[in-house]
Every structure is written in C-alpha cells, then in structure tokens.
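Structure record follows, encoded as structure tokens.
The values are calculated or read from the model by the stated rules, or taken from the named source; none is laboratory data. In this text, all values refer to a predicted model and were calculated from it rather than measured experimentally. Glycine gets a Cβ as well: all are built from the backbone with ideal geometry, and neighbour counts include every protein chain shown. In case anyone asks, the SASA skips ligands and DNA or RNA and just uses the protein heavy atoms, side chains included. Shrake-Rupley method; radii C 1.70, N 1.55, O 1.52, S 1.80 Å.
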Amino acid sequence: MEPSRIAVAGASGLIGGALARSLAADGHEVVRLVRRPPRTKGEVRWDPEAGRVDAAGLAGCEAVVNLAGAGVGDSRWTDTYKARIRSSRVLGTRALAEAVAGLETKPRVFVNGSAMGYYGETGDRAVDESAPPGEGFLPELCVEWEGAAAPAQEAGVRTVFTRTGLVVSRAGGAWGRLFPLFRAGLGGRLGDGRQYWSFISLHDEVAAIRHLMDTDGLSGPFNLTAPQPLTNREITAAMGRVLHRPTLFPVPAPVLRSVLGEMAGDVLGSARVVPKRLLESGFTFAFPDIDGALKAAL
C-alpha cells in the first residue's frame, strides 16, 4: 500500500500499538482514536460505550482498524467486568462501523478485531474459519462483536475479522504474565497440560493485519494463529528450553479455578485453531514455530 492515512482504534494496546508503530515507520499517517480531548492533529476523539465518533476525523482514511476493547485477562470475570468486556467491543465496533458507513468517501477496508475464542472448546479437533461458534461467554461475545460491524459491510466496505490467538510478547497479554514466572524458574504446565494453545508472534500478528489490509478481495474471518498449535505441555517445555529455566511447578486445575474463577475454563480449555484462509491468501509466517516466536519476543 502506498503511504496513506490509516485510523487505528486501540493504539494504546499491545497489538494496536505495534501496528501503529509499524505503519508509521513505513510512512503512513496514523490517526489514533482516543477517549480524551485530542492533543495532536493525529488524534480523533471517540466514546465507544456512548456510540460517539468524530467521523470528520476519519475523512480521507484508506483503512480503519478497530482493535479496542477491555482486556479479557486483565481482571477476574465478575458480572460487572464481563459487561465491560462486552460493551467495550460490541458498542465500540458498532459506533465505528456506523461512522465508516456514513462517510461520503469510504475507506477501502475496515479491519475489526475478534478472537479465536469464537470457537470455544475444540479439544483435539483442529478448526478453521468454516467452523461454527462454540458455547459460552467468549464465543457469544465474538459472534456479537463481529455482528456489530454490519453497518460497514452493508455500506459496501470490505470488512475483515481477525480471530487472534495468544500473542507471544513480553509486553502484554497472557505471555506478558508468563515470561516473568518462567524467568524466575516458577513456570510450569497449567492443569494436565494437554489443552491446545494456538499462538502467534507479535511480529506475525502485525504483518498479518497489514497483509489483510493491503490485499484487495480478502474479507470475512481470518484466524491469526501459527500454523501448528501446540499443547500447553509442549509450550511449557519450549519456554524452559528457550529461557534455560526449569519448568517444575505445574499449576493444578483446582488452584486455577480458585484464582481465576470462570476465566479458568478458557485457560484450561483447548483451542486447536489453524489459519487456513490466511495461508491460502498467500501470507508467509516469519515465526511459524514456538521456539522462533519466543526468541523473537526476547
């Protein structure tokens, strides 16, 4: 894509921040959506929960990327926090999709975040984008989250959903919590360790989003996960191998449930998600294996 104007919601987050830096480094003008009064000409105000977007600030954008939302793993899943997770995603997506649909000159593409949580518990069964949604809080959230982008789709804007896996990074997300534990020699498998974890390096996450933005004709859901998901036991061994630390302290399932509450079901659950459509689109992973992804994060 030639240097252009690109709006990013969620640019203060792990993925959004990395994407914004990557785009800016390549000469794109990055417009960041913020909830406070704008401080620079590169910021546009919005209020996701209230459904308000300064649509005028999106004028001239070739692409709009929405990666905003309260962190799923940032707090115990109380009813209040689950409502916040939902509203920050569903209401924010709807507000941005309506703003995009209302522009006189619409962007070429609207990229909306989603998650591999769409599929729920998959056990040993590998699933691609053709699989139906699972059951439970996260699958129901993802269905509603993606559905909130309908105004942009109905307005004829090419719309992409990024069903992201566990992003390997020291800077945040699940791995942001795992790295310090393993460095201290306190890491270990979670539960029986047989559950599949579908991971992706932060580098490949950003590269995949840019690939989906830049490639005309791509729309709908894409799984952003490495080609070969691994079990938690295999990933634990890789962490020990790469960090040169023992992995002797498994965390029993009852302990996880007492600490994490309802969220423990997703930590102990198995998600064997494969990026079929992403690979078919011609994307090449820089770090397809866990050792490479871990080393890239160090």
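Per residue, what accessible area does the range 145-298 have, given a 1.4 Å probe and all protein chains present, in Å²?
42 Å²
Report the equivalent ellipsoid semi-axes for the range 1-84 in whole Å, largest first, defined as the square roots of five times the eigenvalues of the gyration tensor built from alpha carbon atoms.
Semi-axis lengths for the range 1-84 are 25, 16, 10 Å.
I'd like to check one number: the per residue accessible area of the range 1-137, probe 1.4 Å, reported in Å² as a whole number.
46 Å²
Which Cα, out of Gly42, Asn66, Gly136, lies furthest along the positive dipole direction of the range 8-166 (beta carbon charges, K/R +1, D/E -1)?
Working it through, the farthest residue towards the positive pole turns out to be Gly42.
Once you charge only the Cβ atoms, +1 for Lys and Arg and -1 for Asp and Glu, what is the size of the charge dipole of the range 50-144 about its Cα centre, to the nearest 20 debye?
So the magnitude is around 320 debye.
For the range 67-155, report the translational diffusion coefficient in µm²/s to the nearest whole number, using Stokes-Einstein at 10 °C, 1.306 mPa s, and a Kirkwood Rh over Cα pairs.
112 µm²/s
For the range 107-180, just say rounded, prolate or oblate: build the C-alpha gyration tensor, square-root its eigenvalues into a ≥ b ≥ c, call rounded for a/c under 1.5, and beyond that prolate if a/b exceeds b/c, oblate if not.
Judged from the Cα gyration tensor, the range 107-180 comes out oblate (a/c at least 1.5, b/c at or above a/b).
Search the structure for amide H atoms under 5 Å from the amide H of Leu224, placed 1.01 Å from N in the peptide plane, and list their residues when 5 or more places away or on another chain.
Close amide H contacts, sequence-distant or interchain: Arg163, Thr164, Gly165.
Return the sequence-ordered ³J(HN,Hα) values of the range 214-228 in whole Hz as given by the Karplus equation 6.51 cos²θ - 1.76 cosθ + 1.60 applied to θ = phi - 60°, using x for Gly and Pro.
Once θ is set to phi - 60°, the couplings for the range 214-228 become 7, 9, 4, x, 8, 8, x, x, 9, 7, 9, 9, 5, x, 10 Hz.
To the nearest 10 degrees, how steep is helix 232-243 against the longest Cα principal axis of the chain, on a 0 to 90 scale?
Around 90 degrees separate the two axes.
Per-residue HN-Hα couplings for the range 101-109, Karplus 6.51 cos²θ - 1.76 cosθ + 1.60 at θ = phi - 60°, whole Hz, x for Gly and Pro?
Taking θ as phi minus 60°, the curve returns 5, x, 6, 5, 10, 8, x, 5, 8 Hz for the range 101-109.
Express the Stokes-Einstein translational diffusion coefficient of the chain in µm² s⁻¹, to the nearest whole number, given a Kirkwood radius over alpha-carbon pairs, 25 °C and a viscosity of 0.890 mPa s.
125 µm²/s
State whether the range 142-298 is rounded, prolate or oblate according to the following rule on the C-alpha gyration tensor (a ≥ b ≥ c being the square roots of its eigenvalues): a/c under 1.5 gives rounded; otherwise a/b larger than b/c gives prolate, and the remaining case gives oblate.
prolate
With a 1.4 Å probe and every protein chain kept in, tell me what percent of the accessible surface of the chain is carbon plus sulfur.
Carbon with sulfur: 52 percent of the solvent-accessible area.
With only Lys, Arg, Asp and Glu charged, each at its Cβ (+1 for the first two, -1 for the last two), find how big the charge dipole of the chain is about the Cα centre; round to the nearest 20 debye.
The dipole of the chain has a size of about 960 debye.
Taking the square root of 5 times each eigenvalue of the Cα gyration tensor, what semi-axes in Å does the equivalent ellipsoid of the range 147-240 have, largest first?
Computed over the range 147-240, the values are 33, 13, 12 Å.
Considering Cα pairs under 8 angstrom that are at least six residues apart, work out the relative contact order of the chain and quote it in whole percent.
It rounds to 18 percent for the chain.
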